[in-house]
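These notes concern the structure reproduced below.
The values are calculated or read from the model by the stated rules, or taken from the named source; none is laboratory data. Values in this document were obtained by computation on a predicted structure and should not be read as measured data. All Cβ positions, glycine included, derive from the backbone under ideal geometry; neighbour counts span all protein chains shown. When the accessible area is computed, the model is the full protein with side chains, heavy atoms only, and any ligands, DNA or RNA have been set aside. Shrake-Rupley method; radii C 1.70, N 1.55, O 1.52, S 1.80 Å.
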Amino acid sequence: MSTKAARDPALPGVLVSGLEGPYGICEAHVEELQKHFTLITMKRFLENKTEFSQKIQAIYLWGGRPVTDRELLLSLPCLKIIGNSGAGLDHLDLPFIASCGVKVPHTPHAVSTPTADLGMALLLASARRVVEGCQLAVSPDTKHFSINWLGQEVSGATLGIIGMGTIGYKIAQRAKAFEMKILYHNRNRRRLEEEAAVGAAYCARLEDLLQHSDFVMLAASLTPQTQGLMGRRERQLMKRSAVLVNVGRGLLVDQDALVEALKSGVIKAAALDVTYPEPLPRDHPLLKLKNIIVTPHIGSATHQAKWQIMQDLVESILAALHGLPVPNEVLLK
């Protein structure tokens with residue numbers, strides 16, 4: 001790391017969680033970021049708020065860090081923009097940020113393709129019991145492979161997508177290639193030509209989608225209206241052979257109800273890239289079940305996506321600091 005670049009007073013100050021470690025920004029991005037900004041870590045800021053509070057003009061959120069609460073915002077009088085990596089905004093107090101006159105861009109386009117890919121990967125892995133099969137194949141206790149060890153067909157099955165935004169629509173495009181029938185439920189209906197392009201049918205009632213889907217894919221944003229969207233009642237409406245896949249947010253799902261449904265056979269299986277909290281406590285009952293796959297929130301975790309996210313945030317932050325229109329700005333109300 002270039003110390004000169006990190007502290008060059010000619011470059012605008014940007015607050016980051018750290019420059020290394022599991023909660024820091026991507027180490028491979030540091031050099032590129034230092035071409036544009038003086039990177040100030042939370043540790044350095046907290047050690048000397050007097051020095052840095054006037055210098056920080058932007059916050060670079062990576063994986064939701066640094067935690068941007070009211071106390072932090074009020075301590076940064078020169079803050080102009082909070083660049084948010086990813087599409088989700090549920091970790092930010094948007095009304096308060098707006099009242100501070102601070103802009104917020106995010107990066108929905110950079111994360112949509114890899115997240116859609118992972119959604120299909122989880123669907124396929126769950127349907128064909130890939131993780132369970134791998135464990136069987138490598139187990140030292142395995143003496144033979146049963147010819148009656150079976151999974152579910154994906155081609156010709158019905159996929160119900162809840163949340164037909166950019167990610168949901170890309171999932172539909174992939175599902176079409178697998179010859180799946182596609183239903184979707186969304187706050188707003190898509191244009192007829194968009195539906196036709198992927199062969200999707202709109203369900204105004206969530207109940208209709210749940211009753212007819214072999215796979216239910218959650219790709220919705222977390223809002224007060226969608227929190228707990230999939231509860232005990234919704235699970236009871238699903239087919240007993242159905243699989244639930246979640247690439248949205250953990251709080252979309254009532255996890256206690258999910259444990260109950262998986263144990264009792266109300267639904268067949270689940271595959272989750274998101275949970276609440278993350279990670280789950282090591283003794284959580286979901287982690288003890290065989291009919292579930294859990295991945296560590298890796299929807300956008302590819303080298304290509306993370307680099308694009310970084311570039312998008314740099315572009316947005318520089319635009320805000322130069323008084324230009326901010327790409328991917330979230331309209332705060």
Checklist line | DSSP beta bridges in the chain [antiparallel fraction, %, rounded to 5] | finding: 5 percent
Item checked: Mean-position separation - Cα centroids, segment 33-95 and segment 130-154, in angstrom -> 48 Å
Item checked: Peptides ranked, highest mean first, by Cβ atoms within 10 Å: ranges 125-132, 300-307, 277-284 -> 125-132, 300-307, 277-284
Checklist line | Average accessible surface area per residue within segment 182-312, 1.4 Å rolling probe, Å² | finding: 50 Å²
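Over 26 Å between C-alpha atoms is what I'm after, so list which of K176/K239; K143/K239; K176/K288; K181/K306 land there. Please list the in-between numbers first.
Working: K176/K239 21 Å; K143/K239 34 Å; K176/K288 33 Å; K181/K306 32 Å.
Too far apart for the 26 Å limit: K143/K239; K176/K288; K181/K306.
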Item checked: Efficiency of FRET from Cβ geometry, A177 and L94, R₀ 35 Å, rounded to 0.05 -> 0.45
Check: Can you give the accessible area of C100 in Å² (nearest 10), computed on protein heavy atoms with a 1.4 Å probe?
Finding: 50 Å²
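Quick one: dipole size for segment 234-302, taken about the Cα centre, charges +1 on Lys/Arg Cβ and -1 on Asp/Glu Cβ, in debye to the nearest 20. Don't skip to the end; give the middle numbers.
Numbers: 9 positive and 7 negative charges, 68 e Å.
In total the dipole reaches around 320 debye.
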Margin query: Springs between alpha-carbon pairs under 10 angstrom, Gaussian network model over the chain: which of P224, P105, P296 fluctuates most?
Written below: P224
Margin query: Suppose each label sits 7 Å from its Cα in the direction of the beta carbon; what would the D69-W307 distance come out to in nanometres?
Written below: 3.7 nm
Next item on the list: Please report, to two decimal places, log10 I(q)/I(0) for segment 62-108 at q = 0.18, 0.21, 0.22, 0.24 Å⁻¹ as given by the Debye formula with identical point scatterers on the Cα atoms and no solvent.
Entry: -0.49, -0.68, -0.75, -0.90
Check: Can you give the net charge of the other residues whose Cβ lies under 15 Å from the Cβ of H29, counting K and R as +1 and D and E as -1?
Finding: -3
Item checked: Net charge contributed by nearby residues that have their C-beta within less than 12 Å of M164 (K/R +1, D/E -1) -> +3
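Using the crude model of +1 on Lys and Arg Cβ and -1 on Asp and Glu Cβ, and no other charge, please compute the dipole size for the chain relative to its Cα centre, in debye to 20. Display every interim value, and only then the final one.
Working: 36 positive and 32 negative charges, 84 e Å.
Taking the Cα centre of the chain as origin, the dipole is about 400 debye.
Ignoring any ligand, DNA or RNA, what whole percent of the accessible area of segment 30-142 comes from carbon and sulfur when the probe is 1.4 angstrom? Don't skip to the answer; put the middle values down first.
Working: 2840 of 5160 Å².
That share works out to 55 percent.
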Checklist line | the chain: relative contact order as a whole-number percent, Cα under 8 Å and 6+ apart | finding: 17 percent
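Cα-Cα over 29 Å: which of K170/K268; K35/K170; K55/K103? It would help to have the intermediate numbers written out before the result.
Working: K170/K268 25 Å; K35/K170 34 Å; K55/K103 17 Å.
In this structure, K35/K170 exceed 29 Å between Cα atoms.
Within 13 Å, Cβ to Cβ, of E194, how many net charges do the neighbouring residues add up to if Lys/Arg are +1 and Asp/Glu are -1?
Values: positive: K170, K176, R189, R190, R191; negative: E193, E195.
Within the 13 Å Cβ shell, the charges total +3.
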Check: On full extension of the chain, what length is gained from R232 through R282, given 0.36 nm per residue of separation minus the C-alpha to C-alpha distance?
Finding: 15.6 nm
Check: What number, rounded to the nearest 500 deg cm²/dmol, is the helix-based mean residue ellipticity at 222 nm of the chain, given -39500 (n - 2.57) per DSSP H run of at least four residues and division by all its residues?
Finding: -10000 deg cm²/dmol
